[in-house]
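Asks: Can you read through this structure? Questions will come right after.
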Amino acid sequence: MDKVIITAAITGSRITREMTPYIPITPEEITQSAIECWEAGAAIVHIHVRNQKTGLGTQDLDLFRQVVNPLREKTDLVLCLTTSGISGLNLPIDERLVPLELKPELASLDAGSINLGGGVFSNPPEFLDEAAKRMKQYGVKPELEIFDLGMIVTCLRMRDEGKLEEPLHFQFVLGTPWGAPGTPKSFLHIYEHIPKNSTWSTIGIGKTQLPMSMMGLIMGGHIRVGLEDNIYYERGVLAKTNAQFVDRIVRIAREYGRDVASPNEAREILGVRRD
Ligand code: ZN
């Protein structure tokens, strides 16, 4: 089994200070939290930035720079920048794809539309095609976010059409209120549909974070944790930092007997390199 790659999803676009006082909002807070996760054993950080006035996600290039530049200076983290914008607000395609200009190793690509956060998180074919095309231009590997089985079908179709290249890298997002449940049965059903040469990682939303992490661990995949996906460390207890989640997975992985990948080992596993 490969070493396990731990991704930390630092802030997302929609968790507010009212929901948890511990969510990083400013570029400095996001950077600091990412550094703590790197020190704890995360190889990848998944980055969103926030509009300082609304507190919600934004695709402002300058704000991304204020996080990306210090992380490149101070760490060897693999960077995965979001192209979601704010799920449900459905920003224009060009605006969503702005972070690609910073040439991260990875960028998220939500492989289809889904109900989310009280609205539709719209990822129509024209977005998928343009995102895939531009990621290829910038030398960015798509992290294919899969909320439901049909999104795998979509990715395989795009591969057949030459829009995505193998080996594909999937991120299963299970346990959203309107998508595939975060259960072992649901996980296995989706997992069985990906090409054997793919790499993959699991996200469990909310209380499914830990169980889906365990599926990633035992099935030879990789794991994403962090406040974007889950704000509770345990039932009724808010997590105070992202690094707490990383610490826990590192401990469990070591006890289980699976080593944790360094950022450079993660690059090798995923076939990406620092620009
Ligand atoms: Zn995200």
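The values are calculated or read from the model by the stated rules, or taken from the named source; none is laboratory data. Keep in mind it's a predicted model, so treat the numbers as computed, not measured. As a convention, Cβ positions derive from the backbone with ideal geometry for all residues, glycine included, and neighbour counts pool all protein chains shown.
Asks: Output the qualifying pairs, or none if there are none: Cβ atoms under 8 angstrom, residues six or more apart or on different chains, first residue in region 224-251 and more than 14 Å from Ile6 (Cβ to Cβ), second residue β-branched (Val, Ile, Thr) and more than 16 Å from the ligand (Cβ to nearest atom).
Replies: Filtered contacts from region 224-251: Leu227/Thr20; Ile231/Thr20; Leu238/Thr20; Ala239/Thr20.
Asks: Another question about this same structure. Which of the residues spanning region 117-157 are in contact (Cβ under 8 Å) with a residue 40 or more places away in the chain and farther than 21 Å from Thr202 by Cα?
Replies: Ala131, Gly139
Asks: Could you tell me whether any residue of region 17-30 is of a type in the set (Ser, Thr, Tyr), within 16 Å of the ligand (Cβ to nearest atom) and touching a strand residue (DSSP E or B) at 6+ places or on another chain (Cβ under 9 Å)? It would help to see each step written out before you state the result.
Replies: Of all residues in region 17-30, those of a type in the set (Ser, Thr, Tyr) come to 20, 22, 26.
Remaining after also requiring within 16 Å of the ligand (Cβ to nearest atom): none.
The answer is no, given that none of the residues of region 17-30 is of a type in the set (Ser, Thr, Tyr), within 16 Å of the ligand (Cβ to nearest atom) and touching a strand residue (DSSP E or B) at 6+ places or on another chain (Cβ under 9 Å).
Asks: Evaluate region 63-79: report whether one residue or more is touching a Ser or Thr at 6+ places or on another chain (Cβ under 7 Å), part of a loop (DSSP other than H, G, I, E, B) and within 14 Å of the ligand (Cβ to nearest atom). Break it down into steps so the answer makes sense when it comes.
Replies: Taking region 63-79 as the starting set, the residues that turn out to be touching a Ser or Thr at 6+ places or on another chain (Cβ under 7 Å) are 67, 70-71.
Retained after the next criterion (residues that are part of a loop (DSSP other than H, G, I, E, B)): none.
Looking for residues that are touching a Ser or Thr at 6+ places or on another chain (Cβ under 7 Å), part of a loop (DSSP other than H, G, I, E, B) and within 14 Å of the ligand (Cβ to nearest atom), one finds none in region 63-79, hence no.
Asks: Now, a different point. Which ones in region 201-218 are in contact with a helix residue (DSSP H, G or I) (Cβ under 7 Å, 6 or more places away or on another chain) and either of a type in the set (Lys, Arg) or without any contact (Cβ under 8 Å) to a residue 40 or more places away in the chain (or both)?
Replies: Thr202, Gly204, Ser213, Met215
Asks: Separate question: If you scan region 4-39, which residues turn out to be among the polar types (S, T, N, Q) and either assigned to a loop (DSSP other than H, G, I, E, B) or in contact (Cβ under 8 Å) with a residue 12 or more places away in the chain (or both)?
Replies: Correct list: Thr7, Thr11, Ser13, Thr16, Thr20, Thr26, Thr31, Ser33.
Asks: Any chance region 40-47 includes a residue that's at negative phi, surrounded by fewer than 16 Cβ atoms within 10 Å (Cβ to Cβ) and either modelled with pLDDT of 95 or more or in a helix (DSSP H, G or I) (or both)?
Replies: The answer is no, given that none of the residues of region 40-47 is at negative phi, surrounded by fewer than 16 Cβ atoms within 10 Å (Cβ to Cβ) and either modelled with pLDDT of 95 or more or in a helix (DSSP H, G or I) (or both).
Asks: Going through Ala111, Ala132, Ala180 one at a time, which residue ends up being at pLDDT 95 or above and within 16 Å of the ligand (Cβ to nearest atom)?
Replies: That would be Ala111, the only listed residue that is at pLDDT 95 or above and within 16 Å of the ligand (Cβ to nearest atom).
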